[in-house]
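Visitor: Mind looking over this structure? Questions follow.
Derivation of every value follows stated rules applied to the coordinates shown; laboratory data play no part. This one's a predicted model, so the numbers in the text were calculated from it and none came from an experiment. Note that we place each Cβ from the backbone using ideal geometry, even for glycine, and neighbour counts take in every protein chain shown.
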C-alpha cells in the first residue's frame, strides 16, 4: 500500500496538545467521535485483550465536577511549576496554556475518559509498561484521527490524582482504571506546525548509553 508520506508526516509532526485554540462554542457531533474511535481501536494492545473503554462526558454538571477535581489536584503544580522558568520561553508558554486549560476545562464540548479494564497489582516498571501500553497507543491514534478531521485534544492526567472522586462522579466501577482525560473541540484554525525539538542524532544511542548515532 502506498501512503502519501507528505500528508502522513504532516499529521504526525503537527498533532499538538491543543489548549488555547480549542473552540468551546462549536458542538462536536457524536458521529465524528465514533469515527475516530473506530480508528483508535485498531491500535495494538497487550495480548490482544482489547480492554479499553471510552467514556464521553457531555453533561455540564459532570464536566464541572471533573474540572473541579482537575483544578484541585493541579493547584500546587501550577503554583510552583513556573519557578525559575524564563518568561517568554517555550516552557513558560506551555505552562500558561496549561493554566488556561485548567481554568476552562468544563467549557470543552466533550471530555473523554479513556479507561482500561483491570487494576495494576504491582507498581514495577514491567507491569506498568504492559498495562498502560495497552491503552496509550489507542489514545494517540484517537488524537491523530481528531487532528485529521479538524479537531483538537490534549492528553491530561492531573485528574487521576483524584481518580476515585472521578469514578464516583461517573459511576466507573472499581475494577476499571482511568488512563487520562482529553478535552475535545474543533480547533481555531488548523495551521499547527512542528514543535522545536532537540536533534534526534543527539538523543539516539547505539549499543550503549550516550554512544550517539551522529
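Visitor: Rounded to two decimals, what ratio of Rg to Rh does segment 39-165 give with C-alpha atoms and a Kirkwood Rh? Walk me through the numbers on the way to the answer.
Guide: Details: Rg = 16.3 Å, Rh = 16.5 Å.
Computed over Cα atoms, the ratio is 0.99.
Visitor: What is the distance in Å between the Cα centroid of segment 172-212 and that of segment 40-61?
Guide: A separation of 18 Å, based on Cα centres.
Visitor: Neighbour counts of other C-beta atoms within 10 Å: give me 56, 105, 1, 128 arranged from fewest to most. List each step's numbers first, then the result.
Guide: Details: 56 17, 105 26, 1 2, 128 12.
Ordered by Cβ neighbours within 10 Å, fewest first: 1, 128, 56, 105.
Visitor: Given the options 57, 136, 200, state which has the largest fluctuation in a GNM of the chain using a 10 Å cut-off (strictly under) for Cα springs.
Guide: In the Gaussian network model the winner is 200.
Visitor: Which of rounded, prolate or oblate describes segment 90-134 when judged by the alpha-carbon gyration tensor and an a/c cut-off of 1.5? Walk me through the numbers before you get to the answer.
Guide: Numbers: a/c = 3.90, a/b = 1.79, b/c = 2.18.
It comes out oblate by the Cα gyration axes.
Visitor: Anyone know which of 199, 29, 114 comes out most mobile in the 10 Å Cα GNM of the chain?
Guide: Comparing 199, 29, 114 in the GNM, the peak value goes to 199.
Visitor: In the calculated pair distance distribution of the chain, what percentage of Cα-Cα distances lie above 32 Å?
Guide: Working: 5015 of 22791 pairs.
Tail fraction, whole percent: 22.
Visitor: How far apart, in nm, are two points set 7 Å out from the Cα along the Cα-to-Cβ line at residue 190 and at residue 86?
Guide: Each label point lies 7 Å from its Cα, and together they span 3.6 nm.
Visitor: GNM on the chain, C-alpha springs below 10 Å: top fluctuator among 46, 126, 162?
Guide: 126
Visitor: While we're looking at this one, here's another question. Tell me the label-point distance for the pair residue 64, residue 104, using the 7 Å Cα-to-Cβ offset, in nm and rounded to one decimal.
Guide: For residue 64 paired with residue 104, the spin-label model returns 1.9 nm.
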